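Enquirer: Would you mind keeping the following structure in view while I ask a few things?
The values are calculated or read from the model by the stated rules, or taken from the named source; none is laboratory data. Because the structure is a prediction, the values reported are computed rather than measured. As a convention, Cβ positions derive from the backbone with ideal geometry for all residues, glycine included, and neighbour counts pool all protein chains shown. Protein only, heavy atoms only, side chains kept; ligands, DNA and RNA dropped before computing areas. Shrake-Rupley method; radii C 1.70, N 1.55, O 1.52, S 1.80 Å.
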Amino acid sequence: MKKLIEILLDDIYIQSFIIGLILAVFLSKLSRRTKLNEPPLVYYRFPIIGHTWSYLTDCNKLILESREKYGETFSLYVFGQIMTIIGKETTHEVFRKDQDFSIREGFRSLVPNHLIYRHAANLAETNAKIIREFAAGKLTHLISRIQKNIIKAIDLYIGECVEPKVIHDPRNILADIIAISTANIVVGEECYNNEDILETFKTLTSSIFKLLQIPPILSFIHPWLHEQFITIPLRFGWNPISKHKKVILNRIKPVFENRLYDKKRLGDAWVAPLDALQCHLNDPEVTPDLDPNNVNYEYIVDSFCGIIVSSMGTTLNSASSVLYDLVKRKQHFWQELYQEAQEINKQCNENELTIDDIARMIKLDSFVKESLRLFSPIVSLPHKCISKPCYTFANGYQIPSGRMAFINFLDTDNDEELQGQNPTEFRAYRHLERNSPATKVERNFLTFGGGKHACPGRAFAVNNIKIFIHKILLKYDVKTNNKEIEPKRYFGPFPLLVNDDLVFENRKEIVN
Ligand code: HEM
């Protein structure tokens, strides 16, 4: 086989054919542009490579310069594909027009979820509904559990720090903490606390992202080829998450059966637990006739994989961004936020926080929102144009069906009119001045997306992060290990994650 490939690649005719094929695909892609009033394609020097190199190595500069030169809507040529970049004037048009732009299709083009879990396509709506109705709708009732679990996890993973304790991998600890509070409300009280299920919550997302580490070289010819290539192992039966699926199934099945048994036995006297598992038990399509032999477990497991992917990485990255921003700006904000935390703690007599107590952490809320705003990617939220044969923007530009439209976060985040003074600077109380909580989806804050598909888990995530930081402020003094936290850096459009050592020490003085 190797020999055959060598002979083929050595052959001048074959070489010419391959190069000719690549050029033909490239030229045909560009020639298709002429029929529509497309946004300007930013100038590039090298055919085929297009903007790929600058997109990967200095995306910030590429986007800022292109925006300045070509206006708020323009196109780039990256990994063989034309992508349209949408500026602040058009962002909300894309969010609003969910008949014409699909973020689910957009993500599906980048991550072949439909091959990783079979029910992925049908589950997007179900999961959004579960999270909207249960994790957001019933949050008031979940706060007590979330809190208990965060306290338990902090004690377990950080513990008493009478002497300064250096934590070498803070992201790992944070992942443990978030896994506990998330697993509790997804798989339920009965089984969330098992080591294997917590490990699954912690690591499932990165197992999937291993597939995405393969650079999309074949996309230079066609994205379909890249997708075929990275999914070869899946087609031969290897699945990066099969071990996680087994863990989830083994843990939830006995719980589900017990609940069905109790429900039948106790009838109306049975009190249904509050978690995502119960949402599936209540769904007659998943659990017809409450028959334990007829439960669609594969569907439930796939649903939980989807929820884990949506919730764990996003919350972990956000919580870690807030913690490092706080440690970095310790001198200016730690004491003030500690005082707010202590005030609220006193008002609730050191009892459990209610959702209203958490809402009263307004300085912390603004700090969290500012951290999330500035932790944004440069461009993200791929929305696939599904309007046939093309979509015409309010500004007159047109893009063909199938084109990926990416939101230019910088355009919104750097805008003085939208953000107030010094938009690129970290101003912790900028959102407090505008009385705008971190969970609010609005024109100047894109962290949770927008429109009909705006993140339904945002209230859960923000409350989790606020409770965590509140408890840390009350209990510890946290600093870096004699090293400055590095300034923000990017890989392509994504901010690189910080994981510098942190030193925790029990807080000594109590300020009244
Ligand atoms: C700080 C943490 C989080 C961030 C930054 C975040 C961000 C996002 C974004 C940007 C979207 C796409 C929005 C759009 O299409 O306009 C989204 C969708 C979604 N998020 Fe989150 N998310 C977070 C936490 C969570 C959590 C904790 C859950 C579940 C408990 C969750 C569940 C979902 C679901 C199910 C969707 C899909 C909604 C749909 O397709 O209609 N997210 N999230």
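Enquirer: What ranking of K452, K69, K129, K475 comes out by heavy-atom accessible area, probe 1.4 Å, highest first?
Expert: K69, K452, K129, K475
Enquirer: Between Y429 and D268, what is the label-to-label distance in nm when each label sits 7 Å out along the Cα-to-Cβ direction?
Expert: 5.4 nm
Enquirer: State, to one decimal in nm, how far the label point of D291 lies from the label point of K440, with both points 7 Å from Cα in the Cβ direction.
Expert: It works out to 5.1 nm between the two label points.
Enquirer: Let me ask another. Going toward the positive end of the dipole of the chain, with +1 on Lys and Arg Cβ and -1 on Asp and Glu Cβ, which of A438, L410, I248 do you reach last?
Expert: L410
Enquirer: Are there DSSP H segments in the chain that both extend 24 Å or more along their axis (alpha-carbon positions) and score a mean Kyte-Doolittle hydropathy of at least -1.0? List them, or say none. Intermediate values should be presented prior to the final figure.
Expert: Working: long enough: 12-31 (28 Å, 1.89); 139-157 (26 Å, 0.36); 170-187 (25 Å, 1.22); 242-266 (35 Å, -1.05); 297-328 (45 Å, 0.68); 330-347 (26 Å, -1.77); 458-475 (26 Å, 0.70).
Helices passing the filter in the chain: 12-31, 139-157, 170-187, 297-328, 458-475.
Enquirer: If you filter segment 69-178 for GluC sites (Glu not before Pro), then keep DSSP loop positions with at most 15 other Cβ within 10 Å, what is left? Don't skip to the end; give the middle numbers.
Expert: On the way: sites: E72, E89, E93, E105, E125, E133, E160; in loops: E72, E160.
Those that pass, being in a loop and sparsely packed, are E160.
Enquirer: Can you give the accessible area per residue of the chain, in Å², using a 1.4 Å probe?
Expert: With all protein chains present, the chain gives 49 Å² per residue.
Enquirer: A further question on this structure: Can you spot the aspartates and glutamates whose alpha carbon is less than 12 Å from K479's alpha carbon? Ignore those fewer than 8 places along the same chain.
Expert: Once the sequence-local aspartates and glutamates are set aside, what remains near K479 is D325, D500, D501, E505.
Enquirer: Let me ask something additional. Report the extension gain between A454 and N481 in nm, rounded to one decimal, defined as 0.36 nm multiplied by the number of residues separating them, less their alpha carbon distance.
Expert: Working: separation 27, 0.36 × 27 = 9.72 nm, distance 3.78 nm.
Residue separation times 0.36 nm, minus the Cα-Cα distance, leaves 5.9 nm.
Enquirer: Please compare each pair in K129/K245; K253/K384; K330/K466; K483/K508; K246/K475 to a cut-off of 27 Å on the Cα-Cα distance and tell me which ones are over it.
Expert: Numbers: K129/K245 22 Å; K253/K384 37 Å; K330/K466 17 Å; K483/K508 23 Å; K246/K475 38 Å.
Pairs exceeding 27 Å: K253/K384; K246/K475.
Enquirer: Go through D283, D357 and list them by solvent-accessible area, largest first, probe radius 1.4 Å.
Expert: Values: D283 45, D357 15 Å².
Ranking D283, D357 by accessible area, largest first, yields D283, D357.
Enquirer: Return the subset of K210/K243; K61/K88; K148/K440; K88/K210 for which the Cα-Cα distance in this structure is over 22 Å, preserving the input order. It would help to have the intermediate numbers written out before the result.
Expert: Numbers: K210/K243 15 Å; K61/K88 17 Å; K148/K440 26 Å; K88/K210 33 Å.
Correct reply: K148/K440; K88/K210.
Enquirer: About its Cα centre, what dipole magnitude does segment 261-388 give when the only charges are +1 on Lys and Arg Cβ and -1 on Asp and Glu Cβ, stated in debye to the nearest 20? Mind dumping the intermediate values first?
Expert: Details: 13 positive and 19 negative charges, 150 e Å.
Magnitude of the dipole: close to 720 debye.
Enquirer: Can you tell me which aspartates and glutamates have their Cα less than 17 Å from the Cα of K264? Leave out same-chain residues fewer than eight positions away.
Expert: Excluding near neighbours in sequence, the set is D283, D289, D291.
Enquirer: Putting +1 on Lys and Arg Cβ atoms and -1 on Asp and Glu Cβ atoms, find which of F375, Y324, I399 reaches farthest to the positive end of the dipole of segment 297-425.
Expert: The one lying farthest along the dipole's positive direction is I399.
Enquirer: A follow-up question, please. With each label point set 7 Å from Cα along the Cα-Cβ vector, what nm distance links R96 and H332?
Expert: 3.6 nm
Enquirer: Magnitude of the Cβ-charge dipole of the chain, K/R +1 and D/E -1, about the Cα centre, nearest 20 debye?
Expert: Numbers: 63 positive and 61 negative charges, 185 e Å.
Charge dipole, the chain, about its Cα centre: 880 debye, nearest 20.
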